[in-house]
1. Can you compute log10 of I(q)/I(0) for region 111-159 with the Debye formula, treating each Cα as one identical point scatterer, at q = 0.22 Å⁻¹?
2. Mean separation of Cα pairs under 8 Å and 6+ residues apart, divided by the residue count of region 419-466: what relative contact order is that in percent?
3. Over region 10-138, give the accessible area per residue in Å² for a 1.4 Å probe, as an integer.
4. Let me have the relative contact order for region 60-174, percent, based on Cα pairs under 8 Å that are six or more residues apart.
5. Along Cα→Cβ, 7 Å out, is where each label goes; now give me the distance between the ones at D359 and T62 in nm to one decimal.
6. For C479, what accessible surface area do you get with a 1.4 Å probe? Give it in Å², rounded to 10.
7. Please work out how much accessible surface S521 shows to a 1.4 Å probe, ignoring ligands, DNA and RNA, in Å² rounded to 10.
8. Give the long-range amide H neighbours of S203: residues separated by 5 or more places, or on another chain, with amide H under 5 Å away, using H modelled in the peptide plane at 1.01 Å from N.
Amino acid sequence: KIFKKLQKAEAMPAKALIVLANPFGLDTSALMSTLSTVLPELTISGGLASDHRTFTQTYVFTDQGICGEGFAAVMLYGDTLQVGTHYEMNWRGLGKKFKVTSAEGSRLYTLDGEPAIDIYRRYLGQEVFKKLPRIGLEFPLLINDGEVPVARAVMQVHDDGSLTFAGAIAEGDEVQFGFADIENLLDDPNRHHGILASHSVESIFVFSCIARYTLVGREIEAETLQMQHIATTAGAFTYGEFYHDASLGRNLMLNQTMTALALSEGGTPRLEQKIQRRRSSSEATYARALSHFLHEVTGELDRALQSERHSKEMMVKQSRQATMGEMIEQIAHQWRQPLNVVALTLQDLYIKGQLGVLDNATLESLYNKANSTIQYLSETIDDFRNFLKPDIAPESFDLNDFFVQMEPLLAGLLSRKGVQMHVSVQGQCEVFSRKNELRQVVVSLINNAVEAMQDIPKKKRRIMIECQDALGKIIIRICDSGPGIPTDVIHRIFDPYFTTKSKQNGTGLGLYIASQIVQKSLDGTLEAENTEEGACFIITIPLTLRKVRSR
């Protein structure tokens, strides 16, 4: 209501809104979202008040007084008013990427299922960690999922292990620790020249994150030198910045940036001259060298990770091809006997017809026999097709039905190899998970068990499957009566390309792919142990897989 009144307060069109807000006790991302909804075409600029990294109390004020909560806003009107925006970030990702597994608004609870506070403690070290949230400005989280890279800085540390950031973080976001690219931040004082000097700029408001000042001290003035030569420049250091992206046509809540709002009412811009870069202080020189070093190391790490991802994609492709080959062999085995039944039925039908002894009852009986067999063949194809089709989303299913439906997939293999399989499911285990992914893992483990028992007498070949619900998790044990896993390699069996089989009989990818599916698609674990009877693989998955957040 406030902004609608402001928008209608003047006969002239509203061109820009400057918002200055307190970061504590205010959901600034929600504020920006609301403003963008109410005033979608308006350029919004400004920032969050800061208190020089004490994180205790900030203020905003108007002619009506000083306020320790809420925000102040100024609407700019004018028929001839021209508005331009610009921003600099100069932060780069460093190290591994984490998935946000639990968050609400600007409060982050877990990354990769681990308390956010533990992630910061592990990567920053205990001594640095104790300085949160003050030190958090120098170690923000970067979100690279959107059109504009966004950094988020820690503002509050909570007793439950969660952290509040200066802006929203959504479940499903991929984040990474960031480091300041000081080399780019300081090296080119003329980088704004082409952006701002090309317009009739008469006044510039700058909102720069206090973290930038903290990193390089007074050297930070290099960021605004060119602006000061273009027009009258004023501004403040902030805990967060509001920015209007003209190319996207929307307003954003940013952190760690320097944003500029350029204003003009048709005046003549100054004739600009290139300015010389200042000599850096020893501290800035050190910071620049460290920034360059981190940039190079991060680039090498990114290239290594890309190479690893490519290798894993090739592994999955090879595994899929091997699995498809096994499935084709299974289909051939499953179809052989039913096809014989259909052939014999047709032969019987033909002979009786030739001898003239084919009555209606016999015709109907033979027809029903052939038809039911063909129906069985069709259902078998559906079973195998569903097995090979990946799950897009979790679904609810009962584990008793799950193993009953798997019988057609395994019957041929177990019969041919002389293996007896017993399944025991305790109670009605209703699971919310990715059914086909779990089925692929179970089939892979059963195939592995069958191969492990090929050198023992058929009458001793057994596979025992037990399922139970234990404190909100499902535990599936798949055990065999084989020779077990050699103790000197049991810790390596889930490594890619590791196999105890000959090169002709194994790729070393089966157990690796199974473990990756359990971890990444089912949010669980896959472990192995030896028992008195043989080897045992234990799948542990949550009873209810967390739904993927729609983005």
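The values are calculated or read from the model by the stated rules, or taken from the named source; none is laboratory data. Keep in mind the model is a prediction, meaning the values are calculated, not measured. As a convention, Cβ positions derive from the backbone with ideal geometry for all residues, glycine included, and neighbour counts pool all protein chains shown. Quick note on the areas: whole protein, heavy atoms, side chains included, nothing else; ligands and nucleic acids left out. Shrake-Rupley method; radii C 1.70, N 1.55, O 1.52, S 1.80 Å.
1. Debye intensities relative to I(0), on a log10 scale: -0.83.
2. 80 percent
3. 49 Å²
4. Relative CO of region 60-174 lands at 26 percent.
5. 10.0 nm
6. Its accessible surface works out to 20 Å², give or take rounding.
7. 30 Å²
8. The answer is L263.
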